[in-house]
């Protein structure tokens with residue numbers, strides 16, 4: 001029952017059955033292992049780790065459980081723990097395919113391409129042909145910039161089994177990352193069937209919008225994927241605002257006030273409200289991300305990407321005046337160094353010690369724009385260094401983004417890794433430098449491949465990192481930053 005429910009994506013049911021069975025058989029290793037897999041599918045990695053550890057208590061050398069625990073640590077960004085587990089699995093069986101694939105993925109994430117290549121060569125020698133190994137090879141070629149070989153390998157996995165949805169999605173991502181929206185979108189649409197529980201199928205009793213005329217029609221737009229992706233996709237909302245009779249947006253509670261302020265006349269509802277949309281007589285429904293399919297190419301051709309989010313002017317002025325009164329007339333620079341909830345935060349984040357020269361500048365005031373569990377790490381870093389940091393306790397990003405938006409707009413420059421802060425700043429039209437991760441597991445296709453220009457946000461400049469060379473990268477960023485600071489201070493005086 002657990003296996004059937006999991007294979008049909010009924011993850012809640014699978015979890016319920018597994019937990020009920022464990023009540024009757026608390027020491028059953030394979031039930032705990034099955035529960036761990038279901039929790040992994042839901043990206044609940046700490047719980048999955050606990051379930052796999054429980055399974056190993058009675059089956060200490062069961063190699064598949066060891067690898068499952070390794071992958072759970074890997075996805076949660078705990079690379080050292082993952083490495084120990086993959087090593088343990090390879091001691092038990094040096095030719096175990098899943099451990100070899102895990103070690104390839106781990107090595108790629110740590111930018112250790114030499115080790116990754118060694119394990120790929122081992123897999124080739126063993127003539128491994130399972131989807132996990134071929135996928136690991138495809139990711140290796142992707143990271144090395146060989147998009148053709150990467151595409152061909154993902155395509156090979158699809159040929160082995162069309163049910164291997166991750167491979168279809170990844171094949172689509174190869175096209176999308178090159179800006180080929182039309183070629184990649186059909187494959188990308190299969191993201192609804194990939195392992196992770198981030199559905200793109202909701203409110204199926206309402207007709208799905210497929211680009212039909214919206215004149216005098218009522219449409220529900222519901223948010224899909226992370227907050228950053230929602231903000232990005234709403235850059236295309238203006239395409240339907242003037243032609244639809246009524247638009248209702250359902251989104252995360254943090255975005256409600258900001259979107260209502262930015263799109264007057266559109267009703268915005270929090271997902272927490274659990275509104276009954278089936279009683280609202282909608283003609284169509286669509287995920288926010290599907291707007292990209294219909295309007296990206298048109299907007300790019302017609303150069304119709306503009307600032308579309310708006311913070312309260314009075315809040316912006318109040319915050320800016322507050323900061324200036326405390327810290328004088330220095331340029332205000334906001335920084336965000338981490339993407340704390342990302343699956344590959346290990347490679348998306350830039351270590352704080354590499355920010356040292358930039359944040360120690362006496363010619364600017366640094367503002368903490370970091371959110372989530374990484375915020376305290378940034379605070380501690382500044383405290384240890386005795387640097388001044390504007391750490392505004394009145395801005396609560398857990399509650400609402402309207403104050404956060406005003407804080408961003410009160411600044412002169414935002415420097416951020418690829419995370420929600422970067423998207424919010426771009427949508428607000430703030431001058432923003434986005435430090436884009438190396439192409440590979442942590443790269444987001446919508447930053448595309450090799451341009452410094454960001455079509456979604458005209459105010460954003462993209463700075464692309466190279467795998468394993470963050471120190472040189474941040475040195476270059478600091479050089480550009482010094483030039484910007486000198487120019488800004490010259491203009492101010």
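Of all residues in the range 51-85, those being assigned to a helix (DSSP H, G or I) and over 23 Å from the mean Cα position of the chain (by Cα) number 16. One residue alone among 415, 439 is crowded, with 21+ Cβ neighbours inside 10 Å, more than 27 Å from residue 488 (Cα to Cα) and touching a residue at least 12 places away in the same chain (Cβ under 8 Å), and that residue is 439. Annotation note: of 201, 210, the sole residue that is loosely packed, with under 14 Cβ neighbours inside 10 Å, without any contact (Cβ under 8 Å) to a residue 40 or more places away in the chain, under 21 Å from the mean Cα position of the chain (by Cα) and not in a helix (DSSP H, G or I) is 201.
Can you confirm whether residue 155 is touching a residue at least 24 places away in the same chain (Cβ under 8 Å), assigned to a helix (DSSP H, G or I) and under 29 Å from residue 300 (Cα atoms)? In short, no. In the set (1) within 30 Å of residue 80 (Cβ to Cβ); (2) out of contact with any strand residue (DSSP E or B) (no Cβ under 8 Å at 6 or more places or on another chain); (3) surrounded by fewer than 22 Cβ atoms within 10 Å (Cβ to Cβ), the condition left unmet by residue 347 is number (3). Kindly establish whether residue 243 is touching a residue at least 24 places away in the same chain (Cβ under 8 Å), more than 21 Å from the chain's Cα centre (by Cα) and at negative phi. So residue 243 passes the test.
Being part of a helix (DSSP H, G or I), within 27 Å of residue 464 (Cα to Cα), modelled with pLDDT of 95 or more and in the same structural domain as residue 56 (by TED's automatic domain parsing) holds for only one residue in 88, 137, and it is 137.
Here is a check on your reading of the model: is residue 409 assigned by TED's automatic domain parsing to the domain that holds residue 360 and without any contact (Cβ under 8 Å) to a residue 12 or more places away in the chain? It is false that residue 409 is assigned by TED's automatic domain parsing to the domain that holds residue 360 and without any contact (Cβ under 8 Å) to a residue 12 or more places away in the chain. Answer yes or no as to whether residue 381 is without any contact (Cβ under 8 Å) to a residue 60 or more places away in the chain, more than 25 Å from residue 179 (Cβ to Cβ), touching a helix residue (DSSP H, G or I) at 6+ places or on another chain (Cβ under 6 Å) and not assigned by TED's automatic domain parsing to the domain that holds residue 261. Yes; evaluated as a whole, the condition is true for this residue.
Being surrounded by 22 or more Cβ atoms within 10 Å (Cβ to Cβ), closer than 30 Å to residue 289 by Cα and not assigned by TED's automatic domain parsing to the domain that holds residue 11 holds for only one residue in 171, 191, and it is 171.
Being part of a helix (DSSP H, G or I) and crowded, with 20+ Cβ neighbours inside 10 Å holds for only one residue in 21, 48, and it is 48. Considering each residue of the range 370-390 in turn, at least one proves to be modelled with pLDDT of 90 or more and under 18 Å from the mean Cα position of the chain (by Cα). In the set 291, 259, 309, only one residue is surrounded by 20 or more Cβ atoms within 10 Å (Cβ to Cβ) and touching a strand residue (DSSP E or B) at 6+ places or on another chain (Cβ under 6 Å); that residue is 259. Looking only at residues in the range 449-463 that are surrounded by fewer than 19 Cβ atoms within 10 Å (Cβ to Cβ) and touching a helix residue (DSSP H, G or I) at 6+ places or on another chain (Cβ under 8 Å), which one is modelled with the lowest pLDDT? That would be 449.
Can you find, within the range 91-108, the residue that is surrounded by the most Cβ atoms within 10 Å (Cβ to Cβ) among those that are outside any helix (DSSP H, G or I) and in contact (Cβ under 8 Å) with a residue 12 or more places away in the chain? Looking at the filtered set, the residue picked out is 96. If we scan the range 482-490, do we find a residue that is loosely packed, with under 14 Cβ neighbours inside 10 Å, touching a helix residue (DSSP H, G or I) at 6+ places or on another chain (Cβ under 7 Å) and modelled with pLDDT under 95? No, there is no match, as no residue in the range 482-490 is loosely packed, with under 14 Cβ neighbours inside 10 Å, touching a helix residue (DSSP H, G or I) at 6+ places or on another chain (Cβ under 7 Å) and modelled with pLDDT under 95.
A single member of 161, 233, 189 is modelled with pLDDT under 95, touching a helix residue (DSSP H, G or I) at 6+ places or on another chain (Cβ under 7 Å) and closer than 30 Å to residue 6 by Cβ, and it is 161. Flag not set for residue 43, criterion: more than 28 Å from residue 442 (Cα to Cα) and either in contact with a helix residue (DSSP H, G or I) (Cβ under 9 Å, 6 or more places away or on another chain) or assigned by TED's automatic domain parsing to the domain that holds residue 107 (or both). In this entry, residue 367 is excluded by the filter for residues that are closer than 30 Å to residue 46 by Cβ and surrounded by 23 or more Cβ atoms within 10 Å (Cβ to Cβ).
Kindly evaluate residue 334 against the criterion of being in contact with a strand residue (DSSP E or B) (Cβ under 8 Å, 6 or more places away or on another chain), assigned by TED's automatic domain parsing to the domain that holds residue 419 and without any contact (Cβ under 8 Å) to a residue 60 or more places away in the chain. Considered against the rule, which asks whether it is in contact with a strand residue (DSSP E or B) (Cβ under 8 Å, 6 or more places away or on another chain), assigned by TED's automatic domain parsing to the domain that holds residue 419 and without any contact (Cβ under 8 Å) to a residue 60 or more places away in the chain, residue 334 comes out as no. Selection of the range 241-253 for residues being out of contact with any strand residue (DSSP E or B) (no Cβ under 6 Å at 6 or more places or on another chain) and surrounded by fewer than 19 Cβ atoms within 10 Å (Cβ to Cβ) yields 241, 242, 252.
The values are calculated or read from the model by the stated rules, or taken from the named source; none is laboratory data. Keep in mind that this is a model prediction, so the values were computed, not measured. Ideal geometry is used to build each Cβ from the backbone, glycine not excepted, and the neighbour counts take in all protein chains shown.
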